[in-house]
Amino acid sequence: MPNGLALLRRHIGRERGTDDSPGAASLRYTCQPKLKYGMFVVGMTAVICFALGWENRMLTNWVSRVMLTLGILAFGTPVALAEDAPIKLIILPYANTVSIMKVHQPLRLFLQERLGRPVEMFTSADFSGHFDQIRQGNFDVAITGPHFGAWAVDNGHKPLLRYSPTLTPVLAIAKGGEVKKVADLKGRTVALSNRISTSSLAGEKWLADQGMIAGRDYVVRASPTHTAAIMAVSMGEVDAAITTHTPIHQAPEDVRNKLTVLESPYHAPHLFTIANGHLDPAMIASLREALLRFEASEAGKTFFNETGYKGYAPLTPEDVESMRPIVALFLPHIDGKP
């Protein structure tokens with residue numbers, strides 16, 4: 001069991017958002033009342049020892065040990081995820097932050113009402129930052145890429161559900177443009193949302209299988225999000241973008257009208273929704289039930305229709321297994337970390 005000082009540091013780290021211990025968001029410590037009590041106990045120790053006099057060393061030592069032990073217990077007694085503690089929901093940064101928050105607001109509100117506790121949404125600046133949050137266990141629930149989700153399940157986190165469509169890498173190209181087939185990309189510029197997204201990894205493999213190697217046969221331009229990559233095609237800044245159908249579906253109509261796609265033969269399960277493995281099994285069951293009730297609600301039907309996610313499907317061991325080759329491709333890109 002960590003000592004009182006370690007637990008206090010961990011609590012402060014959580015308050016500042018700097019704690020990187022596994023399961024940091026799924027276990028919280030209600031230390032503030034205990035902190036005041038602990039300080040009181042330590043203070044009283046000093047007063048009693050002074051009153052007894054330092055000559056009576058044996059009695060003084062015994063009192064100080066007892067009182068300081070009580071102080072440490074007061075500082076460090078953990079309280080597992082309080083009933084009203086916020087649920088931390090992290091979301092893959094496939095678009096800009098404002099769009100992600102707006103799209104998922106109906107889900108947040110439904111879960112908050114259904115579970116009777118606050119739900120806080122977070123995203124990251126990029127895919128690497130998002131995966132760092134998963135690797136550190138800094139979430140309660142995550143809506144994440146299937147390759148990140150597969151890694152998480154293999155490392156102790158719990159599958160909840162996935163979106164029902166198939167995730168298919170596509171080349172977004174300009175309608176009526178010069179690019180008609182993959183071979184037409186020779187010497188041209190292709191935007192990628194992120195080198196470690198499922199679509200980018202599988203998309204680059206698709207092009208390589210047809211003899212088109214990134215950096216040799218075409219220039220890669222990194223974009224912060226799928227949306228930015230698609231916009232670059234619509235504005236004529238790049239010749240194509242490797243993405244999936246979902247971001248195109250979610251793009252503004254005037255952007256969609258300028259695009260068409262070349263579809264790859266690769267298919268993967270869509271975004272995974274997972275729970276932190278440190279959560280209580282009953283809480284995990286409640287989360288799964290709440291998500292399925294959201295799907296059946298009017299707000300949920302609108303959400304799934306507007307996003308193109310269509311609905312939920314069971315997240316199976318076969319889904320996880322199918323992503324292991326992609327996991328093997330993205331891990332070397334993450335600063336050499338497993």
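Things worth noting here:
- Here Ile248, Ile274 are placed in order of increasing Cβ neighbour count within 10 Å, fewest first, which gives Ile248, Ile274.
- Note on the range 221-236 and the range 285-323: Cα centroid distance 28 Å, given to the nearest whole angstrom.
- For a modelled paramagnetic label at Asn155, 7 Å from Cα along Cα-to-Cβ, the residues of the range 87-120 in reach, with backbone nitrogen under 20 Å, are 88-94.
- The tail of the calculated P(r) for the range 169-266 beyond 16 Å holds 46 percent of all Cα-Cα pairs.
- Efficiency of FRET from Cβ geometry, Met101 and Ile213, R₀ 35 Å, rounded to 0.05: 0.40
- Exposure proxy shown here: for Lys175, Lys205, the number of other Cβ atoms within 10 Å sets the order, fewest to most, as Lys175, Lys205.
- Beyond 26 Å in Cα-Cα separation lie the following of the pairs Lys158/Lys310; Lys181/Lys258; Lys102/Lys310; Lys186/Lys310: Lys186/Lys310.
- Two-decimal Rg to Rh for the range 111-189 - Kirkwood Rh, Cα set: 1.14
- Each label point was placed 7 Å from the Cα along the Cα-to-Cβ direction; for Lys181 and Leu109 their separation is 5.0 nm.
- Which of Thr123, Thr166 has the fewest Cβ neighbours within 10 Å, and the rest in rising order: Thr166, Thr123
- Across the range 169-266, the relative contact order, built from alpha-carbon pairs under 8 Å that are at least six residues apart, equals 46 percent.
A short reminder: the numbers here are calculations on the coordinates, not readings from a lab. Source: prediction; values computed, not measured. Please note: Cβ atoms are built from the backbone with ideal geometry, for glycine as well, and neighbour counts cover all protein chains shown.
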